[in-house]
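These notes concern the structure reproduced below.
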Amino acid sequence: MTADRHPRVDSRSNDLRSGDRESSANRHPRDLQTVVVTAGTVIAGCGALVLLGFEVLEGDSSVLDVLLWCALVVLLFGAAAHQWWFADRAADRSRDITEGVTDADVETLARESIGDVDLVRRLRVAFPGLNLRDAYELVQDRKRRHPSESA
């Protein structure tokens, strides 16, 4: 589904990156990490719901206790829903930005940077929305192309 919306463009500047990135672009948007985090958040929300039920059934709980448990339940279920439906949008956006970054852009920023960490920082500042993993992979691709400069 992601590959259909965002087709890969293999230009000369992106040939090295496109082969490495193809497997991550074709993966299912809800990978194992998303499923585990969402399931854990839902389980925590169910636990808070059970505790809310005990607070209500107990009878001597204050309104503040009930409201706090209710807020926690809503926040946990809301966080799980957000993770499930919207987690991959930022990754798609970062992949789109990565496709627009040329080797010349990376080389220009590499000449200005002190080291790899500074280069990753400069990439993320120069291309807002680029996530840390994609910036790191751009730096690693540059190091594979120019092994003598990375020593």
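Panel order for 142, 133, by other beta carbons found within 10 Å of each beta carbon, from fewest to most: 133, 142. Put a dot 7 Å past the Cα of residue 74, heading toward its Cβ, do the same for residue 136, and the two dots end up 3.7 nm apart. With Cα atoms as the point set, the radius of gyration and Dmax of segment 101-151 evaluate to 9.8, 30 Å. Here the scattering of segment 30-87 is modelled by Debye summation over its C-alpha atoms, one equal scatterer each and no solvent; at q = 0.26, 0.30 Å⁻¹ the log10 of I(q)/I(0) is -0.92, -1.10.
Remind me, relative contact order of segment 82-132 in percent, using alpha carbon pairs under 8 angstrom and six or more residues apart? Relative contact order for segment 82-132 comes out at 44 percent. Rounded to the nearest whole Hz, the Karplus-based 3J(HN,Hα) values (6.51 cos²θ - 1.76 cosθ + 1.60, θ = phi - 60°) of segment 139-147 follow the sequence 5, 5, 4, 5, 5, 5, 6, 10, x, with x at glycine and proline.
Taken together, the values in this text are just the output of simple stated rules run on the coordinates, not laboratory data. This structure is a prediction, so every number in the text was calculated from the model and none was measured. Because the Cβ atoms are built from the backbone with ideal geometry, glycine has one as well, and the counts that use them run over all protein chains shown.
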